[in-house]
Amino acid sequence: MIILEGKKVTKRFGGLVAVNAVDFELRKGEILGMIGPNGAGKTTLINMISGFYPADEGSILFNNEDITRLKSSDINRKGICRTFQIVRIFPKLTIADNVRSALVDRKSRSPWKVVLDSLLKSNKKQSTQGIEEKAADLLNLVGLYDFRHELAENLPYAYTKRLEIARSLATNPEVLLLDEPTSGMNPKEQNDQIDLIHTINEQGISIIIIEHVMRVIMSISDRLMVLHYGEKIADGVPKTIYSDPKVIEAYLGGEAHVEH
Amino acid sequence: MVCLDGEEIMNNKSVRYGSIIIGLAVLVLLPIVITDRYIQHIMVLAGIYVLLAISWNFLAGFAGQLNLGHAAFFGIGAYASALISMHLHISPWLGLLLGGFIAAIFGGLLGIPSFRLSGPFLAITTIGFSEIMRMIAMNWVGLTRGSLGLYGIPPLTPIRFGEDRAIEFVTEASAYYVILLLVFAVVYFIRKLHRSEFGISVESLREDELGAESIGINTSQYKLAVFVISAFIAGTAGAFYAHYVGLISPNMLSLGITFSIITMVMVGGLGTITGPIIGAVVLTSLSEGLRFVEDAINLDIRMIIYGIILILVILFMRQGLIGVFGGFSRYFNQKPEASR
């Protein structure tokens, strides 16, 4: 079953075509890896799926519903959550509050309903059932429970990536978009991150992951999709992609950017 | 069951409630002990500035929206309530609410540019807004009497019990109790909002707007809500001021007033609940003290002093007086877990 589908998705920045008529599909429960040299349009594609850039052409369907024109916050409320290449955590909030902020029930309530509830209901009653337990579970999952009272800005970089993932999971997504979740990590931390992503996937969450580190992407993806200058040049299981002449050309013929 | 904050909640509950009750008693008894009407007047002004400082801090400190035109809400509330009670003969008590509502509408209007603007660009827009409002107050002579200002604004009407008993609101002491009540109400609700789901959403968008959007926070709507609530409080403060002093002028909407409010919040502690309260009380007292110096040397020295204080606070005391007190109390209450 296809959970997320893009049809002829296109984005232009001035004269530059960043993403050119890309078709893609994500099956339920799958981990789809997205690779390609720098500037290939991977992050732009994620930005369009998550509503941070409007697509110029084409359409994006989530559970057969057109989400192309939705605001980013509404796309999250539908069930798609993303992380960022350069993390966007809340530095002056505690680790626990970073996760709590995402546990607020926004799917069934408009912002103004949240305002009214906050004003009129007692703070204990209004919070979503079991919010503290869920926050504790998520922090345990990413291994940050012991630091929960620390400000997020005090975390080492690798941990901020994990905090961002915990925060994303708090919104209870069906699809998770991970933009370079292991960048800036040492091999041990990369392995932990791979395990975490597998664990998340086993809970039934479908994942699109952008990654430059070949070792990571090969070990993690069910299927791979290769972008080059905004166009999709290959799509298939990792083994066939690895030997695809077009892919080798893109990586070794242009700017070589393969990290082993 | 795992819980995140269990151990902290029990932290000296009785001591905290005890000190709150003693504080309340002192505040209520103050006008009985201090009978000097001039000092009582300063206490009322301090209360008004407390409301202004809290409302500005709600925008800037909690939501990160730098509003440099806050005095406009103060002025709009004052003019709205004054004009309504003078021309439509509506009770000034209702005027307090109406002044707040009308300011809230303008707050909503000013909130709209914040969807797309932030930081210095939003700040410039808010200055423009407040100057436009001041110009309207100056030049719409038919309605506002221009720079002469409005005078003869009816005071808060007496509350009657039966035929012959009534509480009058002509003395400074009675006005003090009204503003005290308003301050209590506002502090209660702001504190509640700060700790609520709305509060954490607002702080998230202050920290990182895109990050907030990514977890489903509709940042535009939340910013709009913050502007509306903040303007409502400032507008109510303005309406109270109008009926208390009985005379208002376009000066209320000047950048100088906004600047005073900002200094108060910065001195007390940006982004805290008690900081703006302390800052407003300290600086209102200081500024009235300086009035005597001003009279003696015949120079408007207050704004100079405010400016110097603001610069010093930002350079050396970024967390304000609250940061200084917090440092002390952390030193005395240090828990083993807190030290890393």
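The values are calculated or read from the model by the stated rules, or taken from the named source; none is laboratory data. Quick caveat, the model's predicted, so the values are computed rather than measured. As a convention, Cβ positions derive from the backbone with ideal geometry for all residues, glycine included, and neighbour counts pool all protein chains shown.
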Q) Going by the conditions given, is A:Ile31 closer than 23 Å to A:Tyr251 by Cα and aliphatic (A, V, I, L, M)? A) yes
Q. With respect to the numbered conditions (1) at pLDDT below 85; (2) more than 9 Å from chain B (Cβ to nearest Cβ), which one is the sole condition not fulfilled by A:Lys113?
A. (1)
Q | Flag if A:Ile194 is farther than 21 Å from A:Ser50 by Cβ and at pLDDT below 95 | A | yes
Q. Looking at the stretch A:117-138, which of its residues are facing another protein chain (nearest Cβ under 8 Å) and modelled with pLDDT of 90 or more?
A. A:Ala135, A:Ala136, A:Asp137
Q: Take the stretch B:183-228 and flag every residue that is more than 7 Å from chain A (Cβ to nearest Cβ), surrounded by 24 or more Cβ atoms within 10 Å (Cβ to Cβ), among the hydrophobic types (A, V, I, L, M, F, W, C) and within 20 Å of the chain's Cα centre (by Cα).
A: B:Val202, B:Val226, B:Phe227
Q) Just wondering, is there one or more residues in the stretch A:44-59 that are within 14 Å of another protein chain (Cβ to nearest Cβ), touching a helix residue (DSSP H, G or I) at 6+ places or on another chain (Cβ under 8 Å), over 17 Å from A:Leu227 (Cα atoms) and surrounded by fewer than 18 Cβ atoms within 10 Å (Cβ to Cβ)? A) yes
Q) Out of all the residues in the stretch B:118-158, which are surrounded by 12 or more Cβ atoms within 10 Å (Cβ to Cβ), of a type outside the set (Phe, Trp, Tyr) and over 22 Å from B:Ile76 (Cβ atoms)? A) B:Ser118, B:Thr157, B:Pro158
Q) In the list A:Asn191, A:Asn201, A:Asn186, A:Asn154, which residue meets the criterion of being within 11 Å of chain B (Cβ to nearest Cβ) and either under 20 Å from the mean Cα position of the chain (by Cα) or not hydrophobic (A, V, I, L, M, F, W, C) (or both)? A) A:Asn154
Q.
Take the conditions at the interface with chain B (Cβ under 10 Å from one of its Cβ atoms) and out of contact with any strand residue (DSSP E or B) (no Cβ under 8 Å at 6 or more places or on another chain) and apply them to A:Arg148. Does it pass?
A. no
Q | Subset of the stretch A:61-88 (residues that are in contact with an Asp or Glu (Cβ under 7 Å, 6 or more places away or on another chain) and away from chain B (no Cβ under 14 Å)) | A | A:Leu61
**Q.** Failed criterion for A:Pro91 (all others in (1) assigned to a helix (DSSP H, G or I); (2) facing another protein chain (nearest Cβ under 10 Å) hold)
**A.** (1)
